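The values are calculated or read from the model by the stated rules, or taken from the named source; none is laboratory data. Just so you know, these numbers come straight off a predicted model, no measurement behind them. FYI the Cβ positions are ideal-geometry reconstructions off the backbone, even for glycines, and counts take in every protein chain you see. Please note that ligands, DNA and RNA were not included when accessible areas were found on the heavy atoms of the full protein model with its side chains. Shrake-Rupley method; radii C 1.70, N 1.55, O 1.52, S 1.80 Å.
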Amino acid sequence: MSFDRDRSLLFVPPSTQDHIKGVLNATIVLVMYGDYECSQSADVYRLIKVIGQQLSISLGENYLCFIFRHFPQIEIHSHAQRAAEAAEAAAVQGQFWPMHEMLFSHQQELGNGYLVEYANNLGLNISQFLQNISKKVYIDRINEDIESGLNSGVTASPALFINGIRYSVGVAQPRHRWKIEQLMAAIITASH
């Protein structure tokens, strides 16, 4: 476990513009840059969900704030950008987190037909959803997330920042070796 001090600070601070679970003045604010088609992003998100539930039980609901920012890696994931747009289209209808969950749960099925199916399952206004996606209404919003990530030194997803400081699993371990114990330890350490 290490905090990478080289270009390791969160460039754009968390704000009400972000997709937030919890409160911004929480003891720990965890910002994740993720890609809906990236299996590592999904794995890390699942770890964060478990950690969030555990911390909420042991330290209270306002201990951890989780923020998700888009970082679709379009050069390797052909459906990531459209999935991010679907999440934003759902957000406008108050369903960001349910759509976020659905996209991570169905990573192998992110084609347009599936996105419409997910929107329908969530009870979204489908014509508004489709219109927003076809007009690329949310491209700027997604690009702002990407830009803030790049300015913070993010080159790939997933990337995590704990209270504004980049968290990395260390050079000795391959990127896919995120472990709940290490992440939990880093979160607890950051709170002191």
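Sequence neighbours fewer than 8 away in the same chain don't count; with that in mind, list the lysines whose C-alpha is under 20 Å from K179. List returned: K49.
A probe of 1.4 angstrom, applied to the heavy atoms of all protein chains, finds K21 with accessible area near 80 square angstrom. The string of couplings for the stretch 16-29 from the Karplus curve (6.51, -1.76, 1.60, θ = phi - 60°) is 5, 6, 7, 8, 10, 10, x, 10, 4, 8, 5, 4, 10, 10 Hz, one whole number per residue in order, with x for Gly and Pro. Counting protein heavy atoms only, the stretch 11-53 has 55 percent of its accessible area on carbon and sulfur, 1.4 angstrom probe.
Rounded if a/c is under 1.5, else prolate if a/b is larger than b/c, else oblate: which is the stretch 60-135, with a ≥ b ≥ c the root eigenvalues of its Cα gyration tensor?
oblate
Would you please classify the overall shape of the stretch 95-192 from the alpha carbon gyration tensor, given that a ≥ b ≥ c denote the square roots of the eigenvalues, rounded means a/c under 1.5, and beyond that prolate means a/b larger than b/c while oblate covers the rest? Because a/c hits 1.5 or more and a/b exceeds b/c, the stretch 95-192 counts as prolate. Couplings 3J(HN,Hα) for the stretch 42-56, derived from phi with the Karplus relation 6.51 cos²θ - 1.76 cosθ + 1.60 (θ = phi - 60°), are 5, 4, 5, 4, 4, 4, 4, 4, 5, 4, x, 5, 5, 5, 5 Hz, where x marks Gly and Pro.
When both bridge partners sit in the chain, DSSP labels roughly 65% of those beta bridges antiparallel. The sum of -39500 (n - 2.57) across all DSSP H runs of n ≥ 4, divided by the residue count of the chain, sets its helix-only mean residue ellipticity at 222 nm to -14000 deg cm²/dmol. Applying 1/(1 + (r/R0)^6) with R0 = 35 Å to the Cβ-Cβ distance of T155 and Q128 gives a FRET efficiency near 0.50. Computed from backbone phi, the HN-Hα couplings of the stretch 116-128 come to 5, 4, 5, 4, 5, 4, 8, x, 6, 6, 5, 5, 5 Hz, rounded to whole numbers (Karplus: 6.51 cos²θ - 1.76 cosθ + 1.60, θ = phi - 60°; Gly and Pro given as x). Relative contact order of the chain, taken over Cα pairs closer than 8 Å and 6 or more residues apart, is 37 percent. Scanning residues 5 or more positions from S168 or on other chains, those with amide H under 5 Å from its amide H are S2, D4, with H placed 1.01 Å from N in the peptide plane. Close amide H pairs (under 5 Å, H built 1.01 Å from N) link V29 with C65, N163, residues at least 5 positions away or on another chain. Result for the chain in a Gaussian network model with C-alpha springs under 10 Å: among Q17, Q108, Q182, the largest mean-square fluctuation is at Q17. Once you keep just the Cα pairs under 8 angstrom separated by 6 or more residues, what percentage relative contact order results for the stretch 52-161? With pairs under 8 Å counted, the relative contact order is 30 percent.
Between N121 and H106, the contour length at 0.36 nm per residue exceeds the alpha carbon distance by 4.1 nm.
Taking a ≥ b ≥ c as the square roots of the Cα gyration tensor eigenvalues, the stretch 5-62 comes out oblate, since a/c reaches at least 1.5 and a/b does not exceed b/c. Its alpha carbons give the stretch 1-107 an Rg and a Dmax of 14.2, 41 Å.
Accessible surface computed residue by residue for the chain, with neighbouring protein chains in place and a 1.4 Å probe, gives 48 Å² per residue. Here are a few candidate values for Rg and Dmax of the Cα atoms in Å: [x] 22.8, 98; [y] 24.8, 85; [z] 16.2, 49. Which one was actually calculated from the structure I just gave you? Among [x] 22.8, 98; [y] 24.8, 85; [z] 16.2, 49, the one derived from this structure is [z]. Going Cα to Cα from K21, which aspartates and glutamates come in below 12 Å? Please leave out same-chain ones fewer than 8 positions away. By straight Cα distance, K21 reaches E61.
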